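Trainee: For reference, the structure I am asking about is given below.
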Amino acid sequence: MTDDVKVFLTGQIRKASKEGRLTDNRELAAAGSRFFETEFTPDMIAARVESAACVESPDIRIFQGKGCHRYYSSVSMTDSYAEILNFSAEGDDILLIASTVRKDSRTYPRPTILKQFLEAPFSVETERLNQIVEILAADTEDYKDIQLTHASNGDRYLFSAAFLDKSQADYMAEWASVDSLEIQ
């Protein structure tokens with residue numbers, strides 16, 4: 001039955017990933033208990049998924065969360081998207097936004113328009129987003145690299161000064177929100 005359980009669990013993880021969501025060991029324990037008509041605990045599920053992910057199912061990825069493990073399949077979901085969903089599930093919207101801004105500044109490099117965080121998969125409420133911007137702009141030790149810039153049309157952007165300097169961020173924000181639209 002152990003192989004049947006692993007096949008069931010990895011199938012459930014892949015199905016959830018195709019639906020654009022993470023699944024966790026608590027959800028899988030309940031589903032497995034119903035399907036196999038035997039009791040599974042979240043810890044039992046975590047051990048079986050970890051075992052399967054290491055050997056039989058290398059596409060299965062694992063996040064260690066607060067009180068649970070979360071899973072996804074890299075075949076159906078990118079690591080970046082899964083990371084956003086995991087931060088959201090953890091309820092740490094400040095860290096979610098700071099890590100997204102840092103990643104955008106480092107990887108692309110570009111500032112991140114604040115409107116992006118109002119849309120899925122972030123779905124941060126406007127009032128909460130404004131509070132987060134105030135927290136990040138307060139120059140606390142954890143977020144001292146995160147800075148705010150504006151385009152001339154009023155669009156607000158965040159960037160990481162660890163990867164972009166202010167003049168670069170200013171120029172890119174203006175280009176994205178104003179100049180690029182004028183040449184179309």
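Trainee: Provide the packing ranking of 90-96, 22-28, 5-11, i.e. peptides ordered by the mean count of other C-beta atoms within 10 Å per residue, highest first. Write out the running numbers ahead of the final one.
Mentor: On the way: 90-96: 16.0, 22-28: 22.3, 5-11: 18.4.
Ranking the peptides 90-96, 22-28, 5-11 by packing returns 22-28, 5-11, 90-96.
Trainee: Oh, and also: For the range 108-183, what does the relative contact order come out to in percent, with C-alpha contacts under 8 Å and a separation of six or more?
Mentor: Numbers: 89 pairs, mean separation 23.9, N = 76.
Value for the range 108-183: 32 percent.
Trainee: Hey, what number do you get for the chain at 222 nm if only DSSP H runs of n ≥ 4 count, each worth -39500 (n - 2.57), divided across all residues, to the nearest 500?
Mentor: Numbers: 7 runs with 90 residues, N = 184.
Counting only the DSSP helices, I get -15500 deg cm²/dmol.
Trainee: Over the range 48-184, calculate the relative contact order: mean separation of alpha carbon pairs under 8 Å at least 6 apart, over the residue count, as a percent. Walk me through the intermediate numbers first.
Mentor: Details: 159 pairs, mean separation 24.7, N = 137.
Relative CO of the range 48-184 lands at 18 percent.
Trainee: What helices in the chain pass both tests, a Cα length along the helix axis of 20 Å or more and a mean Kyte hydropathy of 1.0 or higher, using whole DSSP H runs?
Mentor: On the way: long enough: 2-18 (24 Å, -0.47); 93-107 (21 Å, -0.02).
Going by DSSP H runs, there are no hits.
Trainee: Once Lys and Arg get +1 and Asp and Glu get -1 on their Cβ, which of Phe35, His150, Ser99 lies farthest toward the positive end of the dipole of the chain?
Mentor: So the residue furthest toward the plus end is Phe35.
Trainee: Decide, for the range 85-163, between rounded, prolate and oblate: order the square roots of the alpha carbon gyration tensor eigenvalues as a ≥ b ≥ c, take rounded if a/c falls under 1.5, and otherwise choose prolate if a/b is larger than b/c, else oblate.
Mentor: Working: a/c = 1.31, a/b = 1.16, b/c = 1.12.
Rounded, since a/c falls under 1.5.
Trainee: Another question about this same structure. With a probe of 1.4 Å, find how much accessible area the range 94-165 has per residue, and write the answer as a whole number in Å².
Mentor: Values: 3740 Å² over 72 residues.
Spelled out: the 1.4 Å probe surface of the range 94-165, per residue, equals 52 Å².
Trainee: Next question, about the same structure. Want the number for Asp92 to Asp79: 0.36 nm per residue separation, take away the alpha-carbon distance, what's left? If you can, show how the numbers build up before the last one.
Mentor: Numbers: separation 13, 0.36 × 13 = 4.68 nm, distance 1.79 nm.
Stretched out fully, the Asp92 to Asp79 stretch lengthens by 2.9 nm.
Trainee: Shifting gears a bit: Magnitude of the Cβ-charge dipole of the range 1-96, K/R +1 and D/E -1, about the Cα centre, nearest 20 debye? Please list the in-between numbers first.
Mentor: Details: 11 positive and 16 negative charges, 38 e Å.
So the magnitude is around 180 debye.
Trainee: Across the chain, how many lysine pairs separated by 8 or more positions, or lying on different chains, have Cα atoms within less than 20 Å?
Mentor: Numbers: Lys6/Lys15; Lys6/Lys18; Lys103/Lys115; Lys103/Lys144; Lys103/Lys166; Lys115/Lys166; Lys144/Lys166.
So the count works out to 7.
Trainee: Okay, next question. Please give the charge dipole size of the chain, origin at the Cα centre, charges +1 on K and R Cβ atoms and -1 on D and E Cβ atoms. Round to the nearest 20 debye.
Mentor: Details: 20 positive and 31 negative charges, 81 e Å.
Charge dipole of the chain: 380 debye, to the nearest 20.
Trainee: Please work out how much length the chain gains when fully extended from Tyr171 to Met44, using 0.36 nm per residue of separation minus the C-alpha to C-alpha distance, in nm with one decimal.
Mentor: Values: separation 127, 0.36 × 127 = 45.72 nm, distance 5.25 nm.
Stretched fully, the Tyr171-Met44 segment lengthens by 40.5 nm.
Trainee: With the Cα gyration tensor of the range 35-100 giving a ≥ b ≥ c as the square roots of its eigenvalues, does the rule (a/c under 1.5 for rounded; else a/b larger than b/c for prolate; else oblate) give rounded, prolate or oblate?
Mentor: Numbers: a/c = 2.74, a/b = 1.58, b/c = 1.73.
The shape class here is oblate.
The values are calculated or read from the model by the stated rules, or taken from the named source; none is laboratory data. Small disclaimer: the values here were computed from a predicted structure and weren't measured. Positions of Cβ are backbone-derived with ideal geometry, glycine not excepted, and every protein chain shown enters the neighbour counts. Each accessible area value is taken on the protein alone, full model and side chains, heavy atoms only, with ligands, DNA and RNA left out. Shrake-Rupley method; radii C 1.70, N 1.55, O 1.52, S 1.80 Å.
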